[in-house]
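The values are calculated or read from the model by the stated rules, or taken from the named source; none is laboratory data. Small disclaimer: the values here were computed from a predicted structure and weren't measured. For neighbour counting, all protein chains shown are included, and Cβ atoms are generated from backbone atoms with ideal geometry for every residue, glycine included. With ligands, DNA and RNA removed, areas are computed over all heavy atoms of the protein, side chains included. Shrake-Rupley method; radii C 1.70, N 1.55, O 1.52, S 1.80 Å.
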Amino acid sequence: LDANGAQIANFGDIYGDTLDLKKVPPFLPAAVVAVEDRRFYEHHGLDFRGLARAAFVDLKARRLVQGGSTITQQVDKNLFLTPDRTLTRKIREALLALKLERTFTKDQILALYMNRVYFGGGIYGFEAASEKFFGHPAKDVNVFQAAVLAGLLKAPAHYNPQREPEQARTRDRKSTRLNSSHGY
């Protein structure tokens, strides 16, 4: 920090302050759900339709092309497991997802995800990403910025609004199907 308290440089990973879903615009969590797990509020940690779709696409391509993980499973992987793509890890992830869904509310799980998800460049969580990319806290994002942040989750380096502004705009247009259920 300089003499006035302004940041000059940052070394290492950047984690934002804890995000409270009640203090951000409702379209921000809605964008996350729309992009990452459209049936988030309908399943109990595992989305069997999503898993079947991903398995079909993967079998057809004869390689791993699509994932079928829910937001809850991603929280499990990010907090408790390794990113290894093994059957053992996937089984553990599924069991943990069921336990997490019995222990926490959907909004608590979504908040955990939004606070810990990786945005590339050592940036973790929507608060840090909003500060980095837009210069203000997540509570102040507009619909466009919410869609850009949610769109970044699929490929952080490819959709980075600072390095790839046109790709970020393209992804924003794909991400604006905001889910209106559950107050979002």
Need the failing condition index for Ala54 against (1) open to solvent by less than 50 Å² (accessible area, probe 1.4 Å); (2) modelled with pLDDT under 80; (3) in a loop (DSSP other than H, G, I, E, B), just the number.
(3)
I need every pair where a residue in the range 27-44 that is without any contact (Cβ under 8 Å) to a residue 12 or more places away in the chain and among the hydroxyl-bearing types (Ser, Thr, Tyr) has its Cβ under 9 Å from the Cβ of a residue that is part of a loop (DSSP other than H, G, I, E, B) and surrounded by fewer than 23 Cβ atoms within 10 Å (Cβ to Cβ), sequence separation at least 6 or different chains.
none
Sort out which residues of the range 80-108 are aliphatic (A, V, I, L, M) and open to solvent by 70 Å² or more (accessible area, probe 1.4 Å), and write them in order of number.
Leu87, Ile91, Leu95
Across the range 119-136, what is the total count of residues that are open to solvent by 60 Å² or more (accessible area, probe 1.4 Å) and at pLDDT below 90?
1
Lys139 versus (1) closer than 20 Å to Asp37 by Cα; (2) open to solvent by 80 Å² or more (accessible area, probe 1.4 Å); (3) in contact (Cβ under 8 Å) with a residue 12 or more places away in the chain: which is the lone unmet condition?
(1)
It is to be established whether one or more residues within the range 153-164 are open to solvent by less than 50 Å² (accessible area, probe 1.4 Å), under 14 Å from the mean Cα position of the chain (by Cα) and modelled with pLDDT of 90 or more.
no
Considering only the range 57-81, state which residues are part of a helix (DSSP H, G or I), of a type outside the set (A, V, I, L, M, F, W, C) and modelled with pLDDT under 95.
Asp58, Lys60, Gln73, Gln74, Asp76, Lys77, Asn78
Output the qualifying pairs, or none if there are none: Cβ atoms under 6 angstrom, residues six or more apart or on different chains, first residue in the range 142-155 and on the phi < 0 side of the Ramachandran plot, second residue surrounded by 22 or more Cβ atoms within 10 Å (Cβ to Cβ) and among the polar types (S, T, N, Q).
Ala147/Ser175; Ala150/Ser175; Gly151/Ser175
For residues that are modelled with pLDDT of 90 or more and in a loop (DSSP other than H, G, I, E, B), scanning just the range 82-118, find the one that is nearest to Val35 (Cα to Cα).
Val117
For the range 122-129, state whether one or more residues are part of a loop (DSSP other than H, G, I, E, B) and touching a residue at least 24 places away in the same chain (Cβ under 8 Å).
yes
